[in-house]
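*Asks:* Starting off with a structure, shown below.
Taken together, the values in this text are just the output of simple stated rules run on the coordinates, not laboratory data. From a predicted model like this one, the values you see are computed outputs, not experimental measurements. So basically every Cβ, Gly included, is an ideal-geometry build from the backbone, and we count neighbours across all protein chains shown.
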Amino acid sequence: MKSRSALSTIALSLVLAGCSGSAAGGDVDGPGGSSSGGSSSGGGASSGSGDGSGSGSEHDALFDAPSESAVTAGSIFGLWGGATKDLSFTFDSRMRLGQSTMTFATRCVRDNGDESAVVGVTVAARVDESEISVLESKKDEKKTGDITCRANARPGTTKRCDTAEGFRRECFVLDGTELTIYGMSSLDKVVLTKISD
């Protein structure tokens, strides 16, 4: 049975348009066209594939502590982080938003503590305070033992939510150092914390 939840993403899995990944029989939607997922599938050594850009160490570095603790509140640009639980996996994810690029990285962690290598993609994007648009498709996949973790991006746009409270769907709210991304309903959301500018 498949279940849907917000990241991603973040994103990992998160919930911006055009994002998906798989996790132990479930789907996880992810940010700005990016998402992650893990799935259980046999044993084996670590391996990877995909057309994601950058090296593993570039994406691994997103999980390091920031060099400065000050961040610019109210700006969508910078590094965001959060975690989402889906079935027996937690997706520990990071998303870096720039004006013309978006990087999404995640690691899939099982309830028993087993975790995958970090997977990630960097894609062309248009980002501003009113919308996040992913402009290309990329994917990355790595297998560590019996955990396969994926990061996917494909074209899509997520707009800022209307200012009125109430039903929010497929939009985001930026409030200080908190970025909330809504999926198919107001209950389907992920809250990210700004880590650095």
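*Asks:* Search the structure for amide H atoms under 5 Å from the amide H of E131, placed 1.01 Å from N in the peptide plane, and list their residues when 5 or more places away or on another chain.
*Replies:* The list, which skips near neighbours in sequence, is R160.
*Asks:* Show me 166-176, 187-197, 77-87 ranked by packing, highest mean number of other Cβ atoms within 10 Å first. Spell out each step's value before the answer.
*Replies:* On the way: 166-176: 15.5, 187-197: 19.3, 77-87: 21.2.
Highest mean packing first, the order is 77-87, 187-197, 166-176.
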